[in-house]
Amino acid sequence: MKHRQLTVVAAAALAFSLVSGCAVADDGYGYYMSRHPNIEAADFNAEQAIERMRAAQRANGFDMGGHAGRAIGLLQEARAEMQASAEAATR
């Protein structure tokens, strides 16, 4: 009986350590952005614009002459630059 209890406790400890490790893991994105609220707000607005453009594509049957797709690509590129600027300003 004690061996079974020990196994259950060990399995629970392993599960908790995996969950806590995932919760703590961060790619640095949130860290840098949280230190620069203006850049974080601009990034949020760009993310919202991407979502709106995708909604516009769906509403128009994806027939926008490729312009919506290009706009989304440029917004994604802008978000990457915002991240880079937040990282550079933090270091």
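Only the coordinates and a few stated rules stand behind these numbers; no lab work does. Because the structure is predicted, anything quoted here is derived from the model rather than measured.
Annotation: extensible slack from Asn38 through Glu81 equals 14.1 nm (criterion: 0.36 nm per residue apart, minus Cα-Cα distance). Between Glu47 and Tyr31, the contour length at 0.36 nm per residue exceeds the Cα-Cα span by 4.0 nm.
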